[in-house]
Amino acid sequence: MSLPQLPLGIPEEARWKTRLQEFTQKASIPLPVYETSNEGVPHAPLFQSRVWVDGICFISSNTFSNRKMAEQDAAKLAFICTVQKVKEEGYSLIRESTVFCKMIVNEYALKMGWTAPTYTMNESNAPIPTFISSLVLNGVAYVGDVARSKKEAEQSAARSAILSILESESSTTMSEIVKSKYKLYDPGMGPTHGSGITPSVNKKRKEVDVSAGNIATGPFAHIPPSAQMMHPQFKKPTTGTPIELVPVPLIQFVPASWEQGVVSSVSGQMKNQKNKKKKKKKKVEC
């Protein structure tokens with residue numbers, strides 16, 4: 001895969017950080033986070049740099065006497081790997097869905113300075129018609145798959161153009177557009193970060209190191225202070241005046257035996273009154 005050409009007069013080794021920054025912005029990826037440490041001594045420094053991009057940590061292949069050189073070396077590795085990663089992700093997204101394909105092709109033609117793509121439609125004469133669309137982009141024709149509607153046929157033709165461009169050498173711009181479109185319109189891919197937002201701590205991370213031309217991946221081991229998420233601290237409020245305790249009198253309960261005594265005395269009085277009435281009636285009869 002060829003990489004975008006640098007402006008004339010600028011050394012390639014001095015532009016990797018800028019290229020990485022520009023690519024992450026265009027692809028809607030959180031901006032890179034750098035951490036550089038001195039492995040040597042003050043009079044003979046040996047700098048090694050790490051850069052975090054889209055959840056992956058890239059480590060410079062060697063140590064350098066200059067901090068900027070170490071960061072540029074890490075940025076170079078991050079740029080090459082991230083471009084390839086975004087390209088593969090874009091290929092997978094386009095394979096799964098065609099919903100944004102026409103929009104992506106139109107934006108790609110605009111960025112490349114080409115005229116808008118033109119579509120042609122072929123319809124079958126079957127009882128249930130099917131459609132096949134083709135488009136011409138910058139003089140190249142791309143044919144889509146058989147579809148049940150004209151809209152699906154045009155999206156399929158646009159997908160054929162995108163997949164073909166992604167497989168070509170000039171796929172970086174197309175990869176950026178595909179990544180940004182799906183992040184912007186597809187909520188399942190998470191929020192879009194437009195500025196310097198550091199990677200999430202909870203996200204699974206990897207470290208990538210280059211030693212003797214080999215790439216090795218391993219579990220994420222360290223997060224730079226700037227990439228750590230802040231957690232709010234809550235303190236128990238204090239009041240100026242102490243709380244006074246007011247004594248509350250105890251509730252006295254009446255024993256059940258007292259209630260029974262009151263009931264029995266009342267019933268005894270009622271019986272005496274009834275007996276007196278009976279005696280009066282007997283005297284009157286006599």
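What is the distance in Å between the Cα centroid of the range 44-83 and that of the range 92-144? Taking the Cα centre of the range 92-144 as reference, the centre of the range 44-83 is 40 Å away.
Placing +1 on the Cβ of every Lys and Arg and -1 on the Cβ of every Asp and Glu, with no other charges, gives the range 14-83 a dipole of roughly 220 debye about its Cα centre. Legend: residue pairs Lys68/Lys181; Lys102/Lys179; Lys68/Lys183; Lys76/Lys102; Lys17/Lys85; Lys85/Lys151, Cα-Cα distance threshold 26 Å; pairs beyond threshold, Lys68/Lys181; Lys68/Lys183; Lys76/Lys102; Lys85/Lys151. Remark: the Ser65-Asn106 segment gains 10.1 nm on full extension, using 0.36 nm per residue and subtracting the alpha carbon distance.
Rule-based calculations on the coordinates, nothing more; no lab input. These numbers were taken from a predicted model, which means no experiment stands behind them. Glycine gets a Cβ as well: all are built from the backbone with ideal geometry, and neighbour counts include every protein chain shown.
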